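Structure first, commentary second.
The values are calculated or read from the model by the stated rules, or taken from the named source; none is laboratory data. Only a predicted model underlies this, so the values are computations on that prediction, with no experimental measurement involved. Using ideal geometry, Cβ is built from the backbone for each residue, glycine included, and neighbour counts are taken over all protein chains shown. All accessible areas refer to the heavy atoms of the entire protein, side chains included, with ligands and DNA or RNA removed. Shrake-Rupley method; radii C 1.70, N 1.55, O 1.52, S 1.80 Å.
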Amino acid sequence: MESLRALAVPPGAAILDVGAGTGRNSLPLARLGYAVDAVEPAPALADALDAEVAREALAVRVIRADALRDELPLQAAGYAFAVVAEVTSHFRGAGDLRALFERLARLVAPGGHALVSAFVSAPDYEPDATAREVAQVLWSTFFTPAELDAAASGLPLALVSDDDALAFERAHLPEDAWPPTGWYESWASGQDLFGTDLVKPPVSLRWLLYRRD
Ligand SMILES: C[S@@+](CC[C@H](N)C(=O)[O-])C[C@H]1O[C@@H](n2cnc3c(N)ncnc32)[C@H](O)[C@@H]1O
């Protein structure tokens with residue numbers, strides 16, 4: 001919501017929600033007047049989203065597909081904005097992130113933006129295989145800064161902002177909506193993965209905003 005306001009994306013614009021779940025973002029975006037295409041592969045979640053869309057008669061098209069591997073019935077360069085929230089933490093590695101970025105580069109219109117949340121590791125941290133495997137089990141798959149750069153390399157996507165997600169959400173959510181869930185703070189800070197006795201774990205969730213050149 002904050003990015004759309006800051007970028008002055010007008011109501012009616014087409015928005016892509018990748019890994020929409022039950023519509024935590026798709027539904028409020030549609031209520032603001034955006035035309036949302038929501039990609040969601042889990043049938044139970046897509047069913048719940050479909051039911052709410054029908055109940056409120058919202059402009060959300062639910063596409064039941066894997067956004068990385070399936071043929072998507074979506075318009076190339078068709079979106080002013082794409083949101084990929086809390087999805088890359090489910091990925092199996094940097095190859096999945098590259099596949100996502102290739103699709104975003106194709107689907108977002110020139111001049112449009114893609115907002116992606118991702119766990120990124122500290123520059124001086126060298127993860128071993130165990131950390132990467134445990135991260136997957138804890139829905140905390142992370143990428144090194146070099147992997148993040150490589151995923152966008154050669155694509156018309158320019159990183160325009162990179163914010164700590166936990167600090168951003170704490171600053172922007174209404175006081176009575178904090179914390180958003182019982183697990184959000186320890187997950188987004190990297191403490192699920194590295195333990196609560198580390199003051200600053202070497203990975204944290206970021207909000208990454210890319211401009212499609
Ligand atoms: C934690 S939920 C987040 C849902 C929603 N984006 C939100 O912010 O509330 C992660 C979602 O990503 C979806 N997901 C994971 N891998 C995906 C893929 N390859 N393509 C599309 N969706 C995917 C899951 O099915 C799930 O709905």
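Look through D17, D50 and report the one residue that is within 12 Å of the ligand (Cβ to nearest atom) and either under 23 Å from E102 (Cβ atoms) or surrounded by 13 or more Cβ atoms within 10 Å (Cβ to Cβ) (or both).
Working: D50 fails: within 12 Å of the ligand (Cβ to nearest atom).
Every option except D17 fails the conditions.
Within segment 159-182, the set of residues being touching a helix residue (DSSP H, G or I) at 6+ places or on another chain (Cβ under 6 Å) and over 22 Å from S140 (Cα atoms) comprises just one member, H172. Just one of the listed residues (A44, A65) is over 18 Å from the mean Cα position of the chain (by Cα), farther than 23 Å from A150 by Cα and either within 13 Å of the ligand (Cβ to nearest atom) or open to solvent by less than 40 Å² (accessible area, probe 1.4 Å) (or both), namely A44.
Residue-by-condition table, conditions (1) in contact (Cβ under 8 Å) with a residue 40 or more places away in the chain; (2) open to solvent by 50 Å² or more (accessible area, probe 1.4 Å); (3) in contact with a strand residue (DSSP E or B) (Cβ under 9 Å, 6 or more places away or on another chain):
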residue	(1), (2), (3)
R106	no, yes, no
H113	yes, no, yes
A118	yes, no, yes
P123	no, yes, no
A131	yes, no, yes
W139	yes, yes, no
F142	yes, no, yes
S153	no, yes, no
P156	yes, no, yes
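Out of segment 1-29, which residues are more than 18 Å from L107 (Cβ to Cβ) and under 19 Å from the mean Cα position of the chain (by Cα)? Correct list: M1, E2, R5, A6, G21, T22, G23, R24, L27, P28. Contact map, segment 36-62: residues that are more than 14 Å from I15 (Cβ to Cβ) and without any contact (Cβ under 8 Å) to a residue 40 or more places away in the chain paired with residues that are open to solvent by 80 Å² or more (accessible area, probe 1.4 Å) and more than 9 Å from the ligand (Cβ to nearest atom), Cβ distance under 8 Å, separation 6+ or inter-chain. Pairs shown: E40/R64; P41/R64; P43/R64; A46/R64; E56/R31. Taking segment 20-36 as the range and being within 13 Å of the ligand (Cβ to nearest atom) and open to solvent by less than 20 Å² (accessible area, probe 1.4 Å) as the test, the residues that pass are A20, G21, G23, S26, L27, L29, V36.
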